[in-house]
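Enquirer: I am attaching a structure below and will ask some questions about it afterwards.
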Amino acid sequence: CPGRPRIGSADRRMRHSSQARAAGIDPDRVAELLVSLHRSGPGRRGSGYRVSASAVLTAAHVVHDAAAVLVRFNADRPDEWTAHGRVAWSDKAIDAAVVTLEDHPRQGVEPVRFGRVGERDAVLSCSLVGFPRFKLRDDAARPLDDGRLSQYRDSHHAVGTIAVLSNRREVTLEISVPAPERDPDPRLSPWEGM
């Protein structure tokens, strides 16, 4: 769950700045990654979170074999903006990557603070935002040059839980969220892009 962690005391989270935002996801930091690949064929989309002025945290499989990465914030809103990205670091083993924003507004973005999940008998609430395949929609307002409807993926805000003692050997988090409302293509994961 990117963003400021909901674990630990509020005092520890807020100590770094009297102007710190409350815990949770900042929607202005949620990124949609549009990836062009080195090989021919369609690219891929994924989600990320802006963790500093110039860095977006995402999954390694999203940017694997990327020829170009366009990072979009606040799509189709008055404050939409995009930046070209460069894969600065990627680790397939933990499926994490950092994309550096090459042309970005630098002001007003404090680095995100992270926390640890301790090993104890607890179920923590968590919140995620992304652009999954099951949120694929037709866009009648923006037809393609050939007359077909263009498409977009709307955001999905999932609220779930983390059972802390799950996956201790693998050292990963098991996040449980409600199943998607529909599956547009049973051959693909409805969560693709989340």
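Enquirer: Taking all protein chains in place and a 1.4 Å probe, what share, in percent, of the accessible surface of the chain do carbon and sulfur account for?
Expert: 49 percent
Enquirer: Taking P(r) over Cα pairs in 5 Å bins from 0, in percent as the quantity of interest, determine which of (1) 1, 7, 13, 17, 20, 18, 12, 7, 3, 1, 0, 0; (2) 1, 7, 10, 13, 12, 9, 8, 7, 7, 7, 6, 4, 3, 2, 1, 1, 1, 1, 1, 0, 0, 0, 0; (3) 1, 8, 15, 16, 16, 14, 12, 8, 6, 2, 1, 0 was computed from the displayed structure.
Expert: Here the calculated entry is (1).
Enquirer: Right, something else. Between Arg120 and Leu188, with labels modelled 7 Å along Cα→Cβ, what's the label distance in nm to one decimal, could you check?
Expert: 4.2 nm
Enquirer: A further question follows. Based on the Cβ-Cβ distance from Asp138 to Glu170, what FRET efficiency comes out when R0 is 45 Å, to the nearest 0.05?
Expert: 0.70
Enquirer: Which peptide among 136-147, 80-91 comes first, and what is the full order, when sorted by highest mean count of other Cβ atoms within 10 Å?
Expert: 80-91, 136-147
Enquirer: Skip the ligands, DNA and RNA, and give the accessible area per residue of the chain with a 1.4 Å probe, whole Å². The partial results should precede the final answer.
Expert: Working: 12080 Å² over 194 residues.
Ligands and nucleic acids excluded, the figure is 62 Å² per residue.
Enquirer: Rank-order 36-43, 70-77, 186-193, 50-57 by packing density, defined as the average count of other C-beta atoms within 10 Å over each peptide's residues, highest first.
Expert: Numbers: 36-43: 9.9, 70-77: 16.4, 186-193: 14.0, 50-57: 19.9.
Peptide ranking by packing, descending: 50-57, 70-77, 186-193, 36-43.
Enquirer: Then there's this: Hey, rough spin-label estimate for Trp81 and Val159, points 7 angstrom out along Cα→Cβ, what's it come to in nanometres?
Expert: Placing both labels 7 Å along Cα→Cβ, they lie 3.0 nm apart.
The values are calculated or read from the model by the stated rules, or taken from the named source; none is laboratory data. Computed from a predicted structure; not experimentally measured. Note that we place each Cβ from the backbone using ideal geometry, even for glycine, and neighbour counts take in every protein chain shown. Areas reflect the complete protein model, heavy atoms only, side chains present, ligands, DNA and RNA absent. Shrake-Rupley method; radii C 1.70, N 1.55, O 1.52, S 1.80 Å.
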